[in-house]
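Visitor: Below you'll find the structure I mean.
The values are calculated or read from the model by the stated rules, or taken from the named source; none is laboratory data. Small disclaimer: the values here were computed from a predicted structure and weren't measured. Note: ideal-geometry Cβ built from the backbone for every residue, glycine included; neighbour counts use all protein chains shown. All accessible areas refer to the heavy atoms of the entire protein, side chains included, with ligands and DNA or RNA removed. Shrake-Rupley method; radii C 1.70, N 1.55, O 1.52, S 1.80 Å.
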Amino acid sequence: MSVLDVDKNTFEPEVLQAEGTVFVDYYGDGCVPCAALMPYVHQYAEEYGDKIKFCSLNTTKARRLAISQGILGLPVMAIYQNGQKVEALVKEEATADSILEMIKKYC
């Protein structure tokens, strides 16, 4: 499974209206930690994509949407269940290990 790139038009149907668990990688243009974490997110999508849907959102192109979801700093890795954000790792909390631990909780 791969990571689905969502935008302001597809975020609602793909994340907020999705059944089950959805992982969202919020990243931005020029965000160095975001770029460093992206290969791990893609690796986890390969491993756990049959249990959790993986999406990514470029907040640079969807700033208003990001703010509406409470995304004020980057990177943010969030878990949604039935349209509600249930957990998030923000900024320095978001490490390859902590992201994997969070994913495993919802598998």
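Visitor: So in region 3-50, with the set limited to residues that are surrounded by fewer than 17 Cβ atoms within 10 Å (Cβ to Cβ) and touching a Ser or Thr at 6+ places or on another chain (Cβ under 6 Å), which one is nearest to Ala78 (Cα to Cα)?
Guide: Top of the filtered list is Asp5.
Visitor: Wholly within the chain, which helices (runs of 4 or more DSSP H) include no fewer than the required count, namely at least 2 residues that are touching an Asp or Glu at 6+ places or on another chain (Cβ under 8 Å)? I'd like the intermediate steps shown before the answer.
Guide: Details: elements: 32-48, 63-68, 96-105.
Helices (runs of 4 or more DSSP H) meeting the threshold: 32-48, 96-105.
Visitor: Mind listing just one residue for me: the one in region 51-83 that is within 16 Å of Met102 (Cα to Cα) and open to solvent by 60 Å² or more (accessible area, probe 1.4 Å) and, of those, nearest to the chain's Cα centre (by Cα)?
Guide: Lys53
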